[in-house]
Amino acid sequence: MPDPNIPTQSQYPTRIEVHSCGRLHFGLLEIAPGESNCFGGIGLMVEHSKATVQATLTTSSKTQSPLGQCTIDADNYWRPRLESIVSHWHETQHSMPIQSLSVAQAPRPHCGLGSGTQVACTVATLLMAAEQVHSAQGAWASLNLSVPAILKNGYGNNNNEASFNVSRTKLAQLSRRGKRSSVGLSGFIEGGFVFDQGTSHSETTSVQTERTKRIPFPEAWPILIIQNDHSLGDSGLAEAEMFDRCSKTSNPNRESMIKLVEQELLPSMASGDWKHFDVALGWYGQLAGEIFAIAQGGIYRTPQIAQAIEAARSIGIDSATQSSWGPTVCAVAQDYSHANWCAEQLRGALPNASIHVVPAANRSARVTLS
């Protein structure tokens with residue numbers, strides 16, 4: 001007679017989903033190799049540009065598929081990127097705990113919302129979770145598998161959550177992200193507003209836990225996302241060339257930018273002082289843009305980005321800022337009534353732009369087993 005305390009094969013999860021949010025990046029503190037705070041900066045996770053990746057587990061905890069038997073369902077842009085992460089896992093971990101992998105929801109790439117980092121971390125987390133399911137040896141039977149696990153300095157662990165014990169450093173290694181900015185990596189794990197203090201080593205491949213600070217973002221402050229759907233930000237060789245050209249000298253505004261973060265932005269979030277935050281974020285964005293001015297021909301990457309920022313400021317939103325390389329422009333409103341009014345004004349001023357009002361994501365990525 002079967003032992004009721006031992007889970008049957010049907011009780012093991014067979015599918016995993018990982019869900020992550022978009023990342024705004026308000027600009028870097030420094031890009032000159034060897035300087036203090038190199039590749040540090042600030043950013044915010046938002047409920048926009050989300051990614052959802054799904055996988056089917058191998059059929060038992062004792063059999064794992066070879067690399068060639070893992071099928072990948074994604075479009076022509078994302079498929080080679082997923083294949084690269086899966087191959088890297090196979091080479092470093094010598095296992096393949098999933099049979100199939102698919103992108104259920106794909107963010108638009110190269111629009112300043114961190115899609116590459118979020119998808120890479122999502123797939124790496126999925127593989128780590130799948131591997132630990134196979135190692136659980138029945139412990140999963142006592143869990144409510146419909147409740148998502150929450151990532152936070154390791155993974156959530158209570159009676160209603162699966163526990164995936166993996167370090168931030170391992171996630172960085174497996175996703176091969178965080179070599180420059182670690183805002184997206186830290187935001188993936190913890191959500192909220194991220195202050196990345198950077199490193200003095202430009203070629204580091206590790207991400208130190210103490211490098212970043214996570215601060216809850218005021219939930220009453222919605223985010224305005226202004227996008228040009230027909231434009232893309234820089235990436236690849238073009239991005240590398242801009243970094244190389246602009247990193248010959250250190251950033252003269254670095255100390256001023258750090259003071260803005262530590263003495264203006266962080267205290268205003270803690271006290272709920274929206275106006276103070278609004279002005280400080282806009283000023284930070286302008287100083288961050290000056291780092292790349294010699295390559296961009298100005299503070300902002302394109303005239304369209306500059307136009308969107310000017311339109312936002314003309315209606316009283318000083319925080320309007322280019323996110324990463326653009327073309328996304330973001331701003332912080334005082335409340336949802338204010339945000340909706342601003343969105344209507346901006347739709348009139350920028351007829352070719354898409355305007356979204358979204359909340360900040362004060363949460364980590366989520367893992368769901370079924």
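The values are calculated or read from the model by the stated rules, or taken from the named source; none is laboratory data. What you see is a predicted model; the values in this text were computed from it and never measured. As a convention, Cβ positions derive from the backbone with ideal geometry for all residues, glycine included, and neighbour counts pool all protein chains shown.
Within the range 335-355, identify whether any single residue is of a type in the set (D, E, K, R) and touching a residue at least 12 places away in the same chain (Cβ under 8 Å), and answer yes or no.
Scanning the range 335-355, I find at least one residue that is of a type in the set (D, E, K, R) and touching a residue at least 12 places away in the same chain (Cβ under 8 Å), so the answer is yes.
Identify all residues within the range 95-125 that are among the aliphatic types (A, V, I, L, M) and over 26 Å from Thr328 (Cβ atoms); write none if there are none.
Met96, Ile98, Leu101 - these are the residues of the range 95-125 that are among the aliphatic types (A, V, I, L, M) and over 26 Å from Thr328 (Cβ atoms).
Restricting attention to the range 47-63, report how many residues are over 16 Å from Thr125 (Cβ atoms), at pLDDT 80 or above and among the charged types (D, E, K, R).
Selection size over the range 47-63: 1.
Answer yes or no: is there a residue in the range 348-356 that is touching a helix residue (DSSP H, G or I) at 6+ places or on another chain (Cβ under 8 Å) and of a type in the set (S, T, N, Q).
no
Sort out which residues of the range 205-253 are at pLDDT below 75 and buried (at least 18 other Cβ atoms within 10 Å of the Cβ), and write them in order of number.
If the condition is that a residue be at pLDDT below 75 and buried (at least 18 other Cβ atoms within 10 Å of the Cβ), then Val207, Gly233, Asp234 are the ones that fit.
Six or more apart or on different chains, Cβ atoms under 8 Å: show the pairs whose first residue is in the range 97-108 and closer than 22 Å to Arg23 by Cβ and whose second is among the basic types (Lys, Arg) and part of a strand (DSSP E or B).
Final answer for the pair search is Gln105/Lys50; Pro107/Lys50.
Among the residues of the range 100-138 satisfying the criterion of being over 20 Å from the mean Cα position of the chain (by Cα) and part of a helix (DSSP H, G or I), which is farthest from Thr368 (Cα to Cα)?
If we take residues in the range 100-138 being over 20 Å from the mean Cα position of the chain (by Cα) and part of a helix (DSSP H, G or I), then Ser135 is farthest from Thr368 (Cα to Cα).
How many residues are hydrophobic (A, V, I, L, M, F, W, C), under 24 Å from the mean Cα position of the chain (by Cα) and either more than 23 Å from Ser271 (Cβ to Cβ) or not assigned by TED's automatic domain parsing to the domain that holds Asp273 (or both) if we restrict to the range 307-342?
Going through the range 307-342 one residue at a time, the tally reaches 4.
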